[in-house]
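Since every read-out is calculated from the coordinates, none of them should be taken as a lab result. Remember, it's a predicted structure, so these values are computed and weren't measured experimentally. When we count neighbours, we look across all protein chains shown, and the Cβ atoms used for this are built from the backbone with ideal geometry, even at glycine.
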Amino acid sequence: MFLEKDKNNSSRAGWIEVICGSMFSGKTEELIRRLNRARIARQKVEVFKPKIDTRYDEVDVVSHDEKKTSSIPVENATEILFYAGDFEVVGIDEAQFFDSELVNVCNQLAEQGKRVVVSGLDMDFKGNPFGPMPALMSIAEYVTKVHAVCIRCGNPANYSHRTVAGDKLVMLGETDVYEPLCRKCYVEMKK
């Protein structure tokens, strides 16, 4: 619950929400939905994304189903503090691409009374925890895990299987590079 200033002039409460899951699970779509609802409530909203994510647009945050919202691309997490200013709600997309400093940034923003909504991959293509996401999930007040549909069997998918060769951790791509798989199909593909 977002608390307004009371008669003792104490600040409103802030918090952190994390939306996580595999590729094609609707993370960015859910982020945009929550931010649009905050705008409907006439809250001041700003959105950030890592500068390296240029898949759909260099500036806008864009979901796979082409929903979009304007954003500020940043080189690193600490830049977010510079731009966050008097915004009440801060959205951060593709959190897995930031370094561990994102955890401190999100904590600082929440302590300033801001609602912080973060989305990102919880696991990399090898099935390992990805970047700052595990730490963000542990400090967040709310965590939502969304699932894609396994492209092989139709079950809920929580793995992002890379379909092209390469061990580089960060490889930007879409359906040309990744497919969502359930645990069973992911394990079979890794054999």
Taking amide hydrogens as modeled 1.01 Å from N in the peptide plane, which residues meet the under 5 Å criterion relative to residue 159, leaving out close sequence neighbours? 181
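How much of the DSSP beta bridge set in the chain is antiparallel, as a percent to the nearest 5?
30 percent
Compute the relative contact order of the chain as a whole-number percentage, counting only Cα pairs closer than 8 Å that sit 6 or more residues apart in sequence.
Numbers: 394 pairs, mean separation 52.5, N = 191.
Normalised by residue count, the contact order of the chain is 27 percent.
Calculate, in whole percent, how much of the Cα-Cα pair population of the chain lies beyond 23 Å.
Values: 7512 of 18145 pairs.
Percentage above 23 Å: 41.
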For residue 13, which sequence-distant residues (separation of 5 or more, or a different chain) have an amide H within less than 5 Å of its own amide H, given hydrogens modelled in the peptide plane? 3
Treat the count of other C-beta atoms within 10 Å as a stand-in for reagent exposure and order 48, 82, 97 from fewest to most. 82, 97, 48
Sequence-distant lysines (8 or more away, or on other chains) whose Cα lies within less than 24 Å of residue 191: 126, 168
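As a test of the formula, what do you get for the chain when each DSSP H run with n ≥ 4 contributes -39,500 (n - 2.57) and the sum is divided by the residue count, at 222 nm and rounded to the nearest 500 deg cm²/dmol? Before the final figure, lay out each step's value.
On the way: 5 runs with 47 residues, N = 191.
Computed mean residue ellipticity for the chain: -7000 deg cm²/dmol.
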